[in-house]
Amino acid sequence: MYRQASADHDPGVRGAMLADINQIDWVSMGEGVKFKLLRYCEVTGDWVLYVQLQPGVKFGRHKHITPAEFFITKGELRFERGSARAGVYGYEEIGEIHEEACGGEETEFLYFGHGPVSFIDQNDQILFIADLEFYKNAWHGNLAAEIVEDMKPAAA
């Protein structure tokens, strides 16, 4: 039996559930980036986000400690390998480093985190870890760090 989608969404509920993104509030991750926490699992450390990225906003430099997956629903996500437009699925492997990940236009995507992502400086020193606890805290209004690197417009 599914727990029905509702405005009092509980992303940590155990068992089957439905999450209606139209009934879930946005949480800001810094200027131009916000998310909705759809689900998380305390056992596996997995978390699922629906993310909105404004044009020209760039995620900070980061390394995938565990794999991740995404599906673009609107706009375009640009990164080193090229770009992913609406309808594109992507897989990010362990150890992958992103120097640049940005939206060329308002972009929305579903993100499946299978564990932590480390945000790093140019010398590969860890600035902070974005993991299940990070997103749970942000969901409850306690953002430990912003994932936005800068607000320079993305090159056309």
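Rule-based calculations on the coordinates, nothing more; no lab input. No experiment lies behind these values; they were computed from the predicted model shown. Don't worry about glycine lacking a Cβ; one is built from the backbone with ideal geometry, like all the others, and counts go over all protein chains shown.
Annotation: the residues PHE35, PHE71, sorted from fewest to most other C-beta atoms within 10 Å of their own C-beta, follow the order PHE71, PHE35.
Note on the chain: helix-only mean residue ellipticity at 222 nm, from DSSP H runs of 4+ residues weighted -39500 (n - 2.57) and normalised by residue number, equals -1500 deg cm²/dmol. Computed from backbone phi with θ = phi - 60° and the Karplus coefficients 6.51, -1.76 and 1.60, the 3J(HN,Hα) list for the range 44-55 is 8, x, 6, 8, 10, 10, 10, 10, 10, 10, 7, x Hz; x is used for glycine and proline.
For semi-axes √(5λ) of the Cα gyration tensor in Å, computed directly from the structure shown, the correct entry in (1) 77, 15, 10; (2) 37, 25, 15; (3) 24, 18, 15 is (3).
Across all Cα atoms of the range 22-75, the radius of gyration (one decimal) and Dmax (whole number) stand at 12.4, 36 Å. Could you point to the residue in PHE109, LEU143, ILE129 farthest towards the positive end of the chain's charge dipole, with +1 and -1 charges on the Cβ of Lys/Arg and Asp/Glu respectively? Checking the options against the dipole of the chain, the answer is PHE109. The charge dipole of the chain, taken about the Cα centre with unit charges on the Cβ atoms of Lys, Arg (+1) and Asp, Glu (-1), comes to about 320 debye, rounded to the nearest 20. Projecting label points 7 angstrom from Cα along Cα→Cβ for TYR89 and SER28 puts them 3.5 nm apart. Per-residue 3J(HN,Hα) values for the range 14-27, derived from phi via the Karplus relation 6.51 cos²θ - 1.76 cosθ + 1.60 with θ = phi - 60°, read 8, x, 5, 7, 10, 10, 9, 4, 6, 10, 10, 6, 7, 10 Hz in sequence order (x marks Gly and Pro).
Per-residue Karplus couplings for the range 95-109, computed as 6.51 cos²θ - 1.76 cosθ + 1.60 with θ equal to phi - 60°, are listed in order as x, 5, 10, 10, 7, 8, 9, 8, x, x, 8, 4, 10, 10, 7 Hz, Gly and Pro entered as x.
Taking Cβ atoms as reference points and 13 Å as the exclusive limit, the residues near THR107 contribute a net charge of +1, counting Lys and Arg as +1 and Asp and Glu as -1.
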